[in-house]
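In what follows, a structure is listed as structure tokens, so that the remarks can point back to it.
The values are calculated or read from the model by the stated rules, or taken from the named source; none is laboratory data. The structure presented is a predicted model; accordingly, all values stated were derived computationally and were not measured. Methodologically, a virtual Cβ is constructed for each residue, glycine included, from the backbone with ideal geometry; neighbour enumeration extends over all protein chains shown.
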Amino acid sequence: AFGSPLCPCAPPAGCGVPAISPLVADSERIVNGQNAAPGSWPWQVSLQTRSGSHFCGGSLISQYWVVTAAHCNFNPSAHVVVLGEYNLASSAEPVQVKTVSRAITNPGWNPNTMNNDVTLLRLSTPAQLGSRVSTICLAPANLVLPNNAWAVTTGWGRTNPN
């Protein structure tokens, strides 16, 4: 979290505000989602093998830190973080490919129960922030959301069930 020994930084100004407005439709499922406007989720990162195969997602929380799921099993010697990605099939996008100097998995991570499914990745060099790459804010640790609070999830999942 911001201000901890792992991330001694303040939340960046403008975090969580994309330069390109996203299109969001109300849905109760992740499958049957919709295509995003390019650049509208600038904190969404792609975790990839060094040969360029996407295998998981994450969120840029500062110029140096990405939060992802522990079940992604990120290995800094075999994987990279790609910032500014939209179309996984395109090689013409202005992306930033970053190596990771450190992966810190929650010591309470349990793959059997999926409890504490979180890993922090420290980028070897800082992300260059702009309209297609920016940070998401982290909520305060004591924030209590009301039941049925509206939320959005992003990633490269399916937009139809077939």
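Could you go through region 120-135 and let me know if any residue there is touching a helix residue (DSSP H, G or I) at 6+ places or on another chain (Cβ under 8 Å), touching a residue at least 24 places away in the same chain (Cβ under 8 Å) and not hydrophobic (A, V, I, L, M, F, W, C). Within region 120-135, none of the residues are touching a helix residue (DSSP H, G or I) at 6+ places or on another chain (Cβ under 8 Å), touching a residue at least 24 places away in the same chain (Cβ under 8 Å) and not hydrophobic (A, V, I, L, M, F, W, C). Identify the residue in region 32-54 that is within 22 Å of VAL152 (Cβ to Cβ) and not in a loop (DSSP other than H, G, I, E, B) and, among all such residues, is farthest from the chain's Cα centre (by Cα). Looking at the filtered set, the residue picked out is HIS54. Taking the condition farther than 22 Å from GLN128 by Cα, modelled with pLDDT under 95 and hydroxyl-bearing (Ser, Thr, Tyr), does SER40 pass? No.
Restricted to region 79-112, and to residues there that are modelled with pLDDT under 95 and among the hydroxyl-bearing types (Ser, Thr, Tyr), the residue that is farthest from ARG50 (Cα to Cα) is TYR86.
Does any residue of region 138-151 turn out to be within 26 Å of SER51 (Cα to Cα) and at pLDDT below 95?
The answer is no, given that none of the residues of region 138-151 is within 26 Å of SER51 (Cα to Cα) and at pLDDT below 95.
Would you check if SER59 is among the hydroxyl-bearing types (Ser, Thr, Tyr), assigned to a strand (DSSP E or B) and under 24 Å from PRO18 (Cβ atoms)? So SER59 passes the test. Any chance region 81-100 includes a residue that's out of contact with any Cys (no Cβ under 9 Å at 6 or more places or on another chain), at positive phi, in contact (Cβ under 8 Å) with a residue 40 or more places away in the chain and not small (Gly, Ala, Ser)? So far as region 81-100 goes, no, none of its residues is out of contact with any Cys (no Cβ under 9 Å at 6 or more places or on another chain), at positive phi, in contact (Cβ under 8 Å) with a residue 40 or more places away in the chain and not small (Gly, Ala, Ser).
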